[in-house]
Amino acid sequence: MGLSTLQANCTIQAKTNQSYLPIQPHVELFQLCVYIPTFILGLLFNGMAMSFAFCKIRQLTESVIYVMSLMILDTLMLFVLPFKIISYHKKEWDLGNAFCSFLESLYFVNMYGSILISTCICVDRYIAILHPFAATTLRSPRKAIITCAIMSAGVWAGTAYTFKLHEHTGSNSCFHGFSRRTWETPILLIILEMAFLGCMIIMIFCTVQIVICLCKSQRLGDPLANKSKSINIIVVNLATFLLCFTPFHVALVLYYLVKNCFLNDDKEIVRTFLQISLCWANINCFLDAICYYFVFKEFLKLPTSEDKLRTTTTE
């Protein structure tokens, strides 16, 4: 039997099987064990970061603006988690098609918004450290705000497509049951994977270049070495990026191959991997707080306008 025949049989079986497979109990338990601590720690860390940002920060820098954008995205994701947790216990919970689709879209708003903002943090550091003369024209708080606004608008516009992906069949279910149309055309998968891979390549390149530059500066006794705290910011930023989002994008490709019958073995394993990796991606809601810590720590060491005025008068 040829490959085309196997794919045809698989496609026919997929179309005739209209029922949704339930989430395995061990997967559901894993998700609860991740979502509950993520929600609690996310509320704690984001609350502390927001209180610091609104009470202590009087001078907006590029890094602070990007971090505040991340905090907003993480807070939106935390808003979804209680509904996600309760839905495991109330299988037939009718939230309404529009509200359910809105909650589902926030998953992608948080993920791809965080991917783009994390890339901006890395590129911003790269320009500031390796191209300080160009940084005077390329970097400014105003440009950082415009960049975040454009990316947020783009992500929201792109994720509006997820309103069409949920296949409501009267089961009153939410957070699962996406339409087969999602997996029949590769265009959405290609866009998501290209966005992730492009950002990953940029972040790895910028991080490596910054670390090399700062390490050389330290050995040569250059004043630039005083900026070595930037290493903590970009390394934590890259580590969070890879740890949270890489498994999901690998699982996404595998699940597409399974749904389109290119892979016929271990379908349940791939499906479980996708569910777990999507759940795992949400831990960025509190891991981002490590990046907040280093950015705000750096901010506290920046000279304020009062310090500059005091220094000028004493001279």
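Observations, loosely collected:
- Among (1) modelled with pLDDT under 70; (2) among the charged types (D, E, K, R); (3) closer than 30 Å to Phe296 by Cα - the single one Lys15 does not satisfy: (3)
- Considering the range 57-88, the residues that are more than 13 Å from the chain's Cα centre (by Cα) and free of Cβ contacts under 8 Å to residues at least 24 places away in the same chain include one that is surrounded by the most Cβ atoms within 10 Å (Cβ to Cβ), namely Met68.
- Complete set of residues in the range 40-56 that are surrounded by 15 or more Cβ atoms within 10 Å (Cβ to Cβ) and without any contact (Cβ under 8 Å) to a residue 60 or more places away in the chain: Leu43, Met50
- Scanning the range 102-128 for residues that are more than 20 Å from the chain's Cα centre (by Cα) and either of a type in the set (D, E, K, R) or surrounded by fewer than 21 Cβ atoms within 10 Å (Cβ to Cβ) (or both) turns up Ile127, Ala128.
- Per-region count, the range 163-188, residues at pLDDT 60 or above, surrounded by 15 or more Cβ atoms within 10 Å (Cβ to Cβ) and of a type outside the set (Phe, Trp, Tyr): 5
- A single entry from Ser101, Ser4 fulfils the requirement of being at pLDDT below 80 and farther than 25 Å from Gly113 by Cα: Ser4.
- The residue of the range 249-267 that is farthest from Met200 (Cα to Cα), among those that are touching a residue at least 60 places away in the same chain (Cβ under 8 Å) and either in contact with a Ser or Thr (Cβ under 7 Å, 6 or more places away or on another chain) or assigned to a helix (DSSP H, G or I) (or both), is Cys261.
- Annotation note: Cβ proximity below 8 Å between a residue of the range 132-158 that is under 30 Å from Leu103 (Cα atoms) and a residue that is at pLDDT 90 or above and among the acidic types (Asp, Glu) (sequence gap 6+ or interchain) occurs for Ala144/Asp124.
- Among the candidates Ile150, Ile212, Ile191, the residue that is at pLDDT 90 or above, surrounded by fewer than 18 Cβ atoms within 10 Å (Cβ to Cβ) and either among the aromatic types (Phe, Trp, Tyr) or part of a helix (DSSP H, G or I) (or both) is uniquely Ile150.
- Residue, modelled with the lowest pLDDT, within the range 215-226, restricted to residues that are surrounded by 14 or more Cβ atoms within 10 Å (Cβ to Cβ) and within 18 Å of Phe133 (Cβ to Cβ): Leu224
The values are calculated or read from the model by the stated rules, or taken from the named source; none is laboratory data. Values in this document were obtained by computation on a predicted structure and should not be read as measured data. Cβ coordinates were reconstructed from backbone atoms using ideal geometry, including for glycine residues, and neighbour counts include every protein chain displayed.
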